[in-house]
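We did not get these values from a lab; they are worked out from the coordinates using the rules stated. Computed from a prediction, not measured in an experiment: that's the story for all the values here. We place every Cβ from the backbone using ideal geometry, glycine too, and count neighbours over all the protein chains shown.
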């Protein structure tokens, strides 16, 4: 969360903003990030930053899964779905591991 | 205070419509670590090093495996180790017997190593004088998985006392492994370790990983591990 605030404040300052009203985070479902823990940390850390009155918006992305062994498509559902064919755990196609500061609303 | 009151207390202060604007970033939160890892990787490449990141739960045998590896490699490879722990220099002292340069990082309360820590620690080693750099990560099967240190290869240990199903319980870190080393095999019978189900759990989480079974204490299986390191050393320029 320190890094989220640092990125947000740096970017807001670079664009001449005085306040951050909303931080839009994009959280990959496989990122290992617990959204509740992020919110707790945000509430604890935002005081005396440009984002002290900001809302944290966490968008959890859907992922397309494929088997890490044979490459077959795996139906999404359970976080660590196994391939129905060979039993290997699926992996996200493209991303799914990301934790990204997507956008800021500033004034 | 009512639940409703709690909620309104955390709401953003009202702003007149049109007074705000949107800035689009699309910046990965770990971008700073990724940049530092890329710098490390470039530096390691420049010196022709093989860099191996060793990860496991606490007590799975990383230090003993490294101590025996350094001892056996001493004849033909120049090694160094960067070792991370929350506190103490016990591991650095255990490894120092080998004569290899050892740098201890104490993270205080941080549960993983980050790329810029490795960048700083690496300045304490004469990289031109070594072939292999091992990084002994903090004993933790969760957070270290997310931090690229600029290594070429990741090794995740599974000790026979950890339980066969660890790869299924901690899939993120095992998925990232180039090799899984099953350690303490001399204790397998006492621990009731089922090697077949361990292999199944490993291939489920990390189907492409190499698997080595060994006991650093007795030396059984150590040759397989050293051969793997030699193969990786030969391949280090084609990463």
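Tell me the label-point distance for the pair residue A:43, residue A:59, using the 7 Å Cα-to-Cβ offset, in nm and rounded to one decimal.
About 2.5 nm separates the two model spin labels.
For a label point 7 angstrom out from the Cα of residue A:35 toward its Cβ, which stretches of segment A:83-107 have the backbone nitrogen within less than 19 Å?
Hits in segment A:83-107 for residue A:35 at 19 Å: A:95-105.
I'd like the FRET efficiency for residue B:217 and residue B:39, computed as 1/(1 + (r/R0)^6) with the beta carbon distance as r and R0 of 35 Å, rounded to 0.05.
For residue B:217 and residue B:39, the calculated efficiency is 0.40.
Take every DSSP beta bridge whose two residues both sit in the protein assembly as shown, then give the antiparallel share in percent to the nearest 5.
Here the antiparallel bridges make up roughly 35 percent for the protein assembly as shown.
How many angstrom lie between the Cα centre of segment A:32-107 and the Cα centre of segment B:207-239?
About 33 Å separates the Cα centre of segment A:32-107 from the one of segment B:207-239.
How far is it, in nm, from the label point at residue B:110 to the one at residue B:231 when both lie 7 Å from their Cα along the line to the Cβ?
Taking the two extended label points, one gets 3.4 nm.
Which whole-number percent gives the relative contact order of segment B:177-236, counting Cα pairs below 8 Å spaced six or more residues apart?
Relative contact order, segment B:177-236: 41 percent.
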